[in-house]
1. Being buried (at least 19 other Cβ atoms within 10 Å of the Cβ), free of Cβ contacts under 8 Å to residues at least 40 places away in the same chain and not in a loop (DSSP other than H, G, I, E, B): is that true of residue 36 here?
2. Among the numbered criteria (1) more than 19 Å from residue 137 (Cα to Cα); (2) part of a helix (DSSP H, G or I); (3) free of Cβ contacts under 8 Å to residues at least 24 places away in the same chain, which one does residue 53 miss?
3. Hey, can you tell me all the residues within segment 89-124 that are crowded, with 20+ Cβ neighbours inside 10 Å, over 30 Å from residue 18 (Cα atoms) and out of contact with any helix residue (DSSP H, G or I) (no Cβ under 6 Å at 6 or more places or on another chain)?
4. Of all residues being assigned to a loop (DSSP other than H, G, I, E, B) and touching a helix residue (DSSP H, G or I) at 6+ places or on another chain (Cβ under 8 Å) in segment 70-84, which is surrounded by the most Cβ atoms within 10 Å (Cβ to Cβ)? Just the residue, please.
5. Of the conditions (1) in a helix (DSSP H, G or I); (2) within 13 Å of the chain's Cα centre (by Cα), residue 87 fails just one. Which one is it?
6. For residues in segment 139-149 being assigned to a strand (DSSP E or B) and either touching a helix residue (DSSP H, G or I) at 6+ places or on another chain (Cβ under 8 Å) or modelled with pLDDT under 95 (or both), which is surrounded by the fewest Cβ atoms within 10 Å (Cβ to Cβ)?
7. Restricting segment 5-22 to residues that are touching a strand residue (DSSP E or B) at 6+ places or on another chain (Cβ under 8 Å) and not in a helix (DSSP H, G or I), which is surrounded by the most Cβ atoms within 10 Å (Cβ to Cβ)?
């Protein structure tokens with residue numbers, strides 16, 4: 001499993017007002033708005049409402065960058081992946097664990113994606129039933145209330161191992 005994720009239930013993927021306040025503690029009002037907007041996007045994705053997803057983005061400007069996915073750049077290229085993940089890893093839910101802000105148009109969030117490989121093949125591997133718990137950071141840039149850029153970096157190695165796409169020994173002390 002990717003990193004350390006404290007025990008959780010599916011209810012943790014629908015954060016209360018109090019939990020959202022805890023996540024955004026220390027942010028300015030504007031930064032908290034942006035982080036909450038991202039969490040509201042997750043609420044939408046967790047329900048599988050992919051049409052409503054469009055309301056969170058300026059699709060004509062939105063760009064996506066991730067060194068693990070150089071094939072994705074525009075909103076039109078990036079958006080179909082959300083539906084594919086939803087169908088491949090049900091219950092396919094997302095949550096924010098922590099948020100940080102920079103100025104009036106940027107937030108960075110530490111996120112958790114949970115699901116089970118029960119829906120469809122992934123990278124040529126038939127559904128295994130294995131649990132997916134992936135951690136990632138996204139830097140998100142806003143214009144007004146719309147997302148115009150996302151840069152994400154995730155623990156893809158652990159995810160691919162957990163899903164049995166690859167096998168890799170994990171050293172206890174890599175210097176011995």
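The values are calculated or read from the model by the stated rules, or taken from the named source; none is laboratory data. A quick note: this is a predicted structure, and the numbers were derived from the prediction, not measured. Cβ atoms come from the backbone with ideal geometry, glycine included; neighbour counts cover every protein chain shown.
1. Spelling it out, residue 36 is indeed buried (at least 19 other Cβ atoms within 10 Å of the Cβ), free of Cβ contacts under 8 Å to residues at least 40 places away in the same chain and not in a loop (DSSP other than H, G, I, E, B).
2. Against the list (1) more than 19 Å from residue 137 (Cα to Cα); (2) part of a helix (DSSP H, G or I); (3) free of Cβ contacts under 8 Å to residues at least 24 places away in the same chain, residue 53 comes up short only on (3).
3. Within segment 89-124, 117 is the sole residue that qualifies.
4. Filtering segment 70-84 down to residues assigned to a loop (DSSP other than H, G, I, E, B) leaves 70-73.
Still in the running and touching a helix residue (DSSP H, G or I) at 6+ places or on another chain (Cβ under 8 Å): 71-72.
On the way: 71: 9, 72: 19.
The extreme case among them is 72.
5. Only one criterion in (1) in a helix (DSSP H, G or I); (2) within 13 Å of the chain's Cα centre (by Cα) is unmet by residue 87, namely (2).
6. In the first step, residues of segment 139-149 are kept if they are assigned to a strand (DSSP E or B); the result is 139-143, 146-149.
Those still in the list that are either touching a helix residue (DSSP H, G or I) at 6+ places or on another chain (Cβ under 8 Å) or modelled with pLDDT under 95 (or both) too: 140, 142, 146-147.
Values: 140: 21, 142: 21, 146: 16, 147: 23.
Per the stated criteria, the residue is 146.
7. Step one: list which residues in segment 5-22 are touching a strand residue (DSSP E or B) at 6+ places or on another chain (Cβ under 8 Å), which gives 5, 8, 10, 12-13, 15.
Now restrict to residues that are not in a helix (DSSP H, G or I): 5, 8, 15.
Values: 5: 13, 8: 14, 15: 18.
This residue is 15.
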